[in-house]
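Asks: I have a structure I would like to understand better, so I am pasting it below and will then ask my questions one at a time.
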Amino acid sequence: MKLFSSLFALLFTYQIHAQSLESDRLALIDLFKSTNGSSWAAPTYGWDISGLPGDNPCGWQGVSCNGGRVTSISLPQKNLSGNVPASLSNLSELTYLDLAINNLTGEIPAELGNLKKLIHFNLPYNQLTGVIPAQLGQLTSLVRLHLAANQFTGSIPLELGNLASLELLELSANKLTGGIPVQLGKLKKLRDLYLSENQLSETIPIEIGNLVNLKTIYLHNNQLTGFIPTSIGNLIVLETLHLYSNMLSGVIPAAIGNCIKLQDLSLTHNNISGSIPPELGKLINLSGLSLAGNQLSGTIPDELGLATSLIDLSLGTNQIYGEIPSTFANLTLLAWLNLSSARLSGNIPDFIGTLPNLKYLYLHSNRFSGRVPDLKMKPEDSDINLSDNRFTFDGLETNSSVIDQLQSQAFLPLINNIGVLSVHAGGTIENNTYYWYKNDVQVATVVGDSSYKMSEAGTYRVVITNKKVPQLTLYSNDYMQADNPLPVTLASFTGKHTLNGNLLEWHTTEEFDNTGFEIERSVDAKSFIKIGFADGKGNTALQSTYRFLDISYSSTDFYRLKQLDYNGNVSYSRIIRINSAQDSFNVYPNPATISVTIDAPHTSRNIKILNLNGQIIYDLPAKPSQTISTSNLQSGTYIFQTGEYLKKITVQK
């Protein structure tokens, strides 16, 4: 009797298993029919929908079993079309479902939320529509949910926050709207979060900082607003953070510097303001930093040169100013440097030409000037753009073959020295050709001589080319010569910066009907304004000396004399330039602890102290020397500024 009972139990168990497997087989046949199985891509062995009940589906193409039950369906790129059948929910032992890269349409059946043992749910790159079913939040064993590149609409279900085992959430490239649910902050095992290329809005929830196992965050190409949460600084294993092409505002949190494993940070094309945090220099594993297309201001922090793993650095299309930091010489792995469309100035440092891997250099649309460094080490297929700056031919004759774009440099000022015009175009003067125009008609072509004697009144300009630099043409500004020559013999016209201002001095050896001189000033050698008047001597054959003190100068000024005679005729002198380099100043000690001393004996302008967000902390009156306490300054880096001159000081307490 006991033996009979055991045999009966075994037979009953076999029948239950057989019935369950038959249910699995029927679900598979339903999948075959619903997805146009006759058109699946080969091979599709075993899928015989005419089979008799009891046929074993285990071993069909893409089907795996365990314990007499179907546990895995893997049919990627098999040309499946049609709908996902709800009957797949009968596969109660299913752990793996992969129907990626097919032509499936329709909605995901809510019944699939009953597959309690499902670990991998992969339906990306199809044409599925509708909303993502909230019932998927019941798949508590799920480790991977991949639904990217479909046409899902609606919001991200809050219920997905219940997927405590989830490591990958991939919903990119759909049409999802609404905000990122704060409930996702409960997914403590999540390693990869992909929500990019949707229509998500609202702010990034601070709860994202709870996901301490996150390695990848892709939220780019959405409509997210608000600030970047400082809680991202909690993600110390984060390797990739893509927030570009949103509508984010506020500042870049300094806390991102805590993400020491970060390798790729992209915040381009947002509305982010403030300065670049020096804390980013702590990201020694960072290979890509893209902050372009924002409203960042201030200078580039020296600390950024400590991120020595950088390969791609893009800071262009911002409002940053100052010079390229000398610490960038440490970035020996750098291949791409984009600092275009900003307000940077000064010279291009020589080390730019020796960075061994730098191939793409974009410095266009700035205020760079001076001699272009030697770039001959760059490969022929490099891409170098220096256009729309303030360069002359200096340093370009040996670099021409490696520089791709140079055009649209700033207009050069024409200098008039007693009726002789000249211009400084740089380069080897023998290589330069000067095309002189009067009233827009060419009047002379001169090789190797930058001067031209005016013969009569008119509007003059010059176009300059260099035979070694064929891709660059320089242009001067216009110079207007009045009807009558200067009715004085002007022996000299000079200027210098003094403690009290810019001192102009000129000498005449004779004067005829000279009413006097209007003194004019310009910041660009183009547009001049009257700043004073000096009475002339009328008629004299004696030498006369004139002086004028300009106390409202700027860092660089251009001056000219407008001479007036008794008949109302006017003529102009040559243009001179005064660079008030004495506006520079010293600040010490650095770093400072108790106090800071500012020595500025030659400046007449206030000295401002700003934090790295560009906020003015102090606006100090001009004094030859003054000392301020650091008691009201927190530890950190500060910018001392007068005019265009900057000093960085670190306060340590």
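The values are calculated or read from the model by the stated rules, or taken from the named source; none is laboratory data. For clarity, every value in this text was computed on a predicted model and none was experimentally measured. We place every Cβ from the backbone using ideal geometry, glycine too, and count neighbours over all the protein chains shown. Just so you know, the surface numbers come from the protein's heavy atoms only, side chains and all, with ligands and any DNA or RNA stripped out. Shrake-Rupley method; radii C 1.70, N 1.55, O 1.52, S 1.80 Å.
Asks: Restricting attention to the stretch 610-653, and to residues there that are out of contact with any strand residue (DSSP E or B) (no Cβ under 6 Å at 6 or more places or on another chain) and hydroxyl-bearing (Ser, Thr, Tyr), which single residue is surrounded by the fewest Cβ atoms within 10 Å (Cβ to Cβ)?
Replies: Ranking the qualifying residues of the stretch 610-653, first place goes to Ser631.
Asks: Can you find a residue in the stretch 301-324 that is part of a strand (DSSP E or B) and touching a residue at least 60 places away in the same chain (Cβ under 8 Å)? Before you say what the answer is, go through the steps one by one.
Replies: Residues of the stretch 301-324 that are part of a strand (DSSP E or B), as a first pass: 312-314, 321-322.
Adding the requirement that they be touching a residue at least 60 places away in the same chain (Cβ under 8 Å) leaves 322.
The answer is yes; a qualifying residue exists.
Asks: Tell me which residues, restricted to the stretch 416-427, are at negative phi and open to solvent by 60 Å² or more (accessible area, probe 1.4 Å). Talk me through it step by step, then tell me what you get.
Replies: Residues of the stretch 416-427 at negative phi: 416-417, 420-425.
Matches in the stretch 416-427: Asn417, His424.
Asks: Looking at the stretch 185-200, can you tell me whether even one residue there is over 20 Å from His120 (Cα atoms), open to solvent by less than 40 Å² (accessible area, probe 1.4 Å), part of a loop (DSSP other than H, G, I, E, B) and in contact with a helix residue (DSSP H, G or I) (Cβ under 6 Å, 6 or more places away or on another chain)?
Replies: Of the residues in the stretch 185-200, the ones over 20 Å from His120 (Cα atoms) are 185, 196-200.
Next, from what is left, pick out any that are open to solvent by less than 40 Å² (accessible area, probe 1.4 Å): 185, 196, 198, 200.
Within this subset, residues satisfying the condition of being part of a loop (DSSP other than H, G, I, E, B) are 196, 198, 200.
Adding the requirement that they be in contact with a helix residue (DSSP H, G or I) (Cβ under 6 Å, 6 or more places away or on another chain) leaves none.
Checking the stretch 185-200: not a single residue is over 20 Å from His120 (Cα atoms), open to solvent by less than 40 Å² (accessible area, probe 1.4 Å), part of a loop (DSSP other than H, G, I, E, B) and in contact with a helix residue (DSSP H, G or I) (Cβ under 6 Å, 6 or more places away or on another chain).
Asks: In this structure, does Asn466 turn out to be open to solvent by less than 40 Å² (accessible area, probe 1.4 Å) and in contact with a helix residue (DSSP H, G or I) (Cβ under 8 Å, 6 or more places away or on another chain)? Steps first, answer last, please.
Replies: Details: open to solvent by less than 40 Å² (accessible area, probe 1.4 Å): yes; in contact with a helix residue (DSSP H, G or I) (Cβ under 8 Å, 6 or more places away or on another chain): yes.
Considered against the rule, which asks whether it is open to solvent by less than 40 Å² (accessible area, probe 1.4 Å) and in contact with a helix residue (DSSP H, G or I) (Cβ under 8 Å, 6 or more places away or on another chain), Asn466 comes out as yes.
Asks: Let me ask something additional. Is it true that Leu238 is within 30 Å of Ser72 (Cα to Cα) and open to solvent by less than 40 Å² (accessible area, probe 1.4 Å)?
Replies: Taking the combined requirement at face value, the residue does not satisfy it.
Asks: Select from the stretch 507-533 the residues that are surrounded by fewer than 16 Cβ atoms within 10 Å (Cβ to Cβ), among the small types (Gly, Ala, Ser) and assigned to a strand (DSSP E or B) and list them in ascending order.
Replies: Once the filter is applied, which keeps residues that are surrounded by fewer than 16 Cβ atoms within 10 Å (Cβ to Cβ), among the small types (Gly, Ala, Ser) and assigned to a strand (DSSP E or B), the stretch 507-533 yields only Gly532.
Asks: Tally time: how many residues in the stretch 285-304 are open to solvent by 10 Å² or more (accessible area, probe 1.4 Å) and of a type outside the set (Gly, Ala, Ser)?
Replies: So the count comes out to 6.
Asks: Within the stretch 305-317, track down each residue that is within 13 Å of Leu337 (Cα to Cα) and open to solvent by less than 10 Å² (accessible area, probe 1.4 Å).
Replies: The answer is Gly305, Leu310, Leu313, Leu315, Gly316.
Asks: In the stretch 370-487, which strands (runs of 3 or more DSSP E) lie fully inside it and hold 2 or more residues that are farther than 26 Å from Ser527 by Cβ, without any contact (Cβ under 8 Å) to a residue 60 or more places away in the chain and among the β-branched types (Val, Ile, Thr)? Talk me through it step by step, then tell me what you get.
Replies: On the way: elements: 383-385, 415-417, 420-422, 432-438, 441-447, 451-453, 458-466, 473-475, 479-481.
Qualifying strands (runs of 3 or more DSSP E): 441-447.
Asks: Would you confirm whether any residue within the stretch 495-506 is over 22 Å from Ile531 (Cβ atoms) and open to solvent by 20 Å² or more (accessible area, probe 1.4 Å)? If you could, list the steps in order and put the result at the bottom.
Replies: The initial filter retains those residues of the stretch 495-506 that are over 22 Å from Ile531 (Cβ atoms), namely none.
Checking the stretch 495-506: not a single residue is over 22 Å from Ile531 (Cβ atoms) and open to solvent by 20 Å² or more (accessible area, probe 1.4 Å).
Asks: While we're looking at this one, here's another question. Taking Tyr553 as the residue in question, decide whether it is of a type in the set (Phe, Trp, Tyr) and in contact with a Ser or Thr (Cβ under 9 Å, 6 or more places away or on another chain).
Replies: On the way: of a type in the set (Phe, Trp, Tyr): yes; in contact with a Ser or Thr (Cβ under 9 Å, 6 or more places away or on another chain): yes.
When the stated conditions are applied, Tyr553 passes them.
Asks: Kindly provide the set of residues from the stretch 22-45 that are more than 18 Å from Leu97 (Cβ to Cβ) and without any contact (Cβ under 8 Å) to a residue 24 or more places away in the chain, ordered by number.
Replies: Ser38, Ala42, Pro43, Tyr45, listed by residue number.
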